[in-house]
Amino acid sequence: MKLLTAIIACIASLGVANAVEAQVRSPQTAATDSTAVVRVVEGFHAALAAGDSVVAIALLDTGVLVLESGEMENGSDYRRHHLSADIAFARAVRGSRVVRQVTVRGTAAWVVATSRTAGTFEGRAIDSEGAELMVLTLTSEGWRIAAIHWSSHRRR
């Protein structure tokens, strides 16, 4: 429940100031933004798979929150404790991701994706399905990931 509350708070804080702006943005702008948002998410995953922590970090907002396995980390904790493990996992075990939904509301956006991962990591067999929610915010440097929520389970 704490994780859900944190996600809702993050989306709400990004969206409150965007309500008026969202009303004046054209459908063409929203479509362009959707493409840009997906590129950032795909770029983040590509950076993990390539072992490029510099690019991965550059795509994160300064106030990013990462929620996974019932834990919540801020950006500095994620960079120090978890990023290297995510890179190692992404490099060792290939998976497939399918973007299911992209929503842009002014300067806030979110991407919902599902995944399937199979292989071996640190001597352990992996065969899982996952869900991902990434919340992005439009900054002066472009779209950046403000929150990540990952969950997964063994494939049935």
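Quick notes on this one:
- Candidates in the range 121-156 are the residues that are among the acidic types (D, E) and part of a strand (DSSP E or B); of these, the one that is farthest from G75 (Cα to Cα) is D127.
- When the range 103-152 is filtered for residues that are under 18 Å from V41 (Cβ atoms), loosely packed, with under 15 Cβ neighbours inside 10 Å and among the charged types (D, E, K, R), the ones remaining, listed by number, are R116, E141.
- For first residues located in the range 31-57 and farther than 21 Å from R105 by Cβ, partners that are at pLDDT 95 or above and polar (S, T, N, Q) and lie 6+ apart or on another chain with Cβ distances below 9 Å form the pairs A47/S53; S53/S84.
- Filter pass, V66 being in contact with a Phe, Trp or Tyr (Cβ under 7 Å, 6 or more places away or on another chain), surrounded by 16 or more Cβ atoms within 10 Å (Cβ to Cβ) and under 27 Å from T32 (Cα atoms): yes
- Of the residues making up the range 54-80, those that are outside any helix (DSSP H, G or I) and at pLDDT 95 or above are L59, L60, D61, T62, G63, V64, L65, V66, L67, M72, E73, N74.
The values are calculated or read from the model by the stated rules, or taken from the named source; none is laboratory data. Computed from a predicted model, the values in this text were never measured in an experiment. Cβ coordinates were reconstructed from backbone atoms using ideal geometry, including for glycine residues, and neighbour counts include every protein chain displayed.
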